[in-house]
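Encoded as structure tokens, the structure appears first; notes follow it.
Throughout, read-outs are computed from the coordinates displayed, never taken from laboratory work. As the structure is a computational prediction, the values presented were derived from the model and not from experiment. Cβ atoms come from the backbone with ideal geometry, glycine included; neighbour counts cover every protein chain shown.
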Amino acid sequence: MSSNNESLNNAMYVGPKLQRDVGDIILNFRLNAIALCADIRQMYRAVILHPDDRCYQHIFWRFHYQEPIQELELKRLTFDFGPASYLAQKCLHMLADAEYQKYPAACNSIKFDSYVDDILTGCDTVENCQQLRADLTSVLASGGFQLKKFSSSSPEVLSDIPPEDQEQTLLLHDSTIKVLGLRWEPKHDTFCYSIEIKAPDNPTKRTILSNVASVFDVNGYVTHLVIFLKILLQKIWLLKGGWDEPLPSDLLNEWQTFVKQVPCITDLKIPRYISDVNAISFEIIGFSDASSVAMAAVVYLRVQLPDGQVQVNLLRAKSKVAPIKPVTIPRLELSAAHLLIKIIDTLTSFSNSIKIAGITCFTDSSTVLAWLQTPPYKLKVYVATRVAAITDVVSPSKWRHVPTSQNPADLATRGLLPSQVMESYDFWFHGPEFLKENCSAWPDLPIVPSLETLPETKPKVVLLAEHKVPEM
């Protein structure tokens, strides 16, 4: 600690972020027919510091309470050291760049399919996956890193791996392992959820907020469930009570109903693999919707197969509670469409992994469709700003109408109880049935409101002036 109460660690430059977002890594992980996961053993401790920099890693230590305190110098990268994350990632990236010509697939996995010390990757065949595993081991070993805790959706990939190098939970016959916060079941190659709700006898605003924050759902696979709790929390917030005050009876009943149904979520199974080795085209399909209490957007991957069949799987979803300040439904619908565009914009790295043939977006609001077809300069500021942002990413011609009953985003604008989540499984995770048909059979565009009847348009102003010419 220095004289100004600033520690050296706080003053260190931590370096830029090198690792990709967790959600993006999970999406790319879902594109591999055969999954392969591994862990870099003691990654930080495998990085040796330059002798000139070791003076910044001194600690006071004693091995027994009766021994004198010693000042020790750490030669390797240490946890909680400010730049540790950057330095470890930079070492991996430099190693991957150096070995790229010899092991291109393995080096790409190190750079783009890893998060800290976890690698989530895979291949289209067992043979390729075994080769990738061997190459990853060789590349990392050349830099002093050791791969452990191997797991795969195919037992053949691990057939020649010593038991001590495999994920121990698999050896103990545990059906699931944890990968980047998600529970993955390699045997059936599915993701699953185990939501633990802390349910005290007298729940309060504090305990409910704690439960909402504890649900890890980076890609929004159960956002239609989580939004139920967020809506409930907003209702409690509007009461302006204290953090530890008991809930009123009506809200308490909602909470207790939710808690009783939570165990059924353990039956929720989400397929990890969302592509096909024979796929001939990929499309991004998006839906948006809003209600008076919430707005939501859902994005799917539509895969066309050579035999004409179509597979549709949920990619990413997001929901938000509506603002406390009253907002018109058309504005909320527009905000939901804007939310959808933001989600699509986050799929850049995913789109680089496969060739996306096109993007189509759906809304059940004819007013929003009319706004998107109107030049922004004719609209009021709130609407014009969002219309411009939306059309910059997806052109108005790529927006279509969908009836509310066929809009999966509608589920996340109401919030579902766990039992309702299970009942709507196919609709939520695979989209409406019409997506499996030719696009010519998709819902038709309705007659959108004319500019004269469209809300939020700028009034026409006509300036008339009379000028009298003086007589000659």
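Against the chain, whose longest principal axis is taken from its Cα atoms, helix 126-142 shows a tilt of about 60°.
Once the Cα-Cα distance is subtracted from the 0.36 nm per residue extended length, the VAL381 to MET94 segment shows a gain of 98.5 nm.
Panel values: the chain, Kirkwood radius from alpha carbon pairs, Stokes-Einstein at 4 °C and 1.567 mPa s, translational diffusion coefficient 50 µm²/s.
Let's see if you can work this out: charge +1 on each Lys and Arg Cβ, -1 on each Asp and Glu Cβ, no other charges. What is the dipole magnitude of the stretch 331-472 about its Cα centre, in debye to the nearest 20?
Using only the charged Cβ atoms, the result is roughly 400 debye.
In this structure, the amide hydrogen of THR190, modeled 1.01 Å from its nitrogen in the peptide plane, lies closer than 5 angstrom to those of GLU185, ARG272, counting only residues at least 5 positions away or on a different chain.
Under the simplified labelling scheme, the SER194-GLN304 pair shows an inter-label distance of 4.2 nm, with each label point 7 Å from Cα along Cα→Cβ. With q set to 0.14, 0.17, 0.26, 0.28 Å⁻¹, the log10 of I(q)/I(0) for the stretch 303-357, from the Debye formula over equal scatterers at the Cα positions, is -0.58, -0.74, -1.10, -1.17. With respect to the chain, whose longest principal axis is taken over its alpha-carbon atoms, helix 381-393 is tilted by about 60°.
Note on SER351/ILE59: beta-carbon distance plugged into 1/(1 + (r/R0)^6) with R0 of 51 Å gives a FRET efficiency of 0.65. Treating each Cα of the stretch 8-192 as one equal point scatterer and applying the Debye formula with no solvent, the log10 of I(q)/I(0) at q = 0.09, 0.12 Å⁻¹ comes out as -0.38, -0.64.
Helix 329-345 and the long axis of the chain differ in direction by around 40°, with both axes built from C-alpha atoms. Coordinate range of the alpha-carbon atoms in the stretch 376-472 per principal axis, descending: 88, 32, 24 Å. Take the Cα of LEU8, go 7 Å toward its beta carbon, and the backbone nitrogen atoms of the stretch 72-97 under 20 Å from that spot belong to 72-88. Amide hydrogen proximity for ARG400: with H placed 1.01 Å from N in the peptide plane, the residues at 5 or more positions away or on another chain lying under 5 Å are CYS361, PHE362, THR363.
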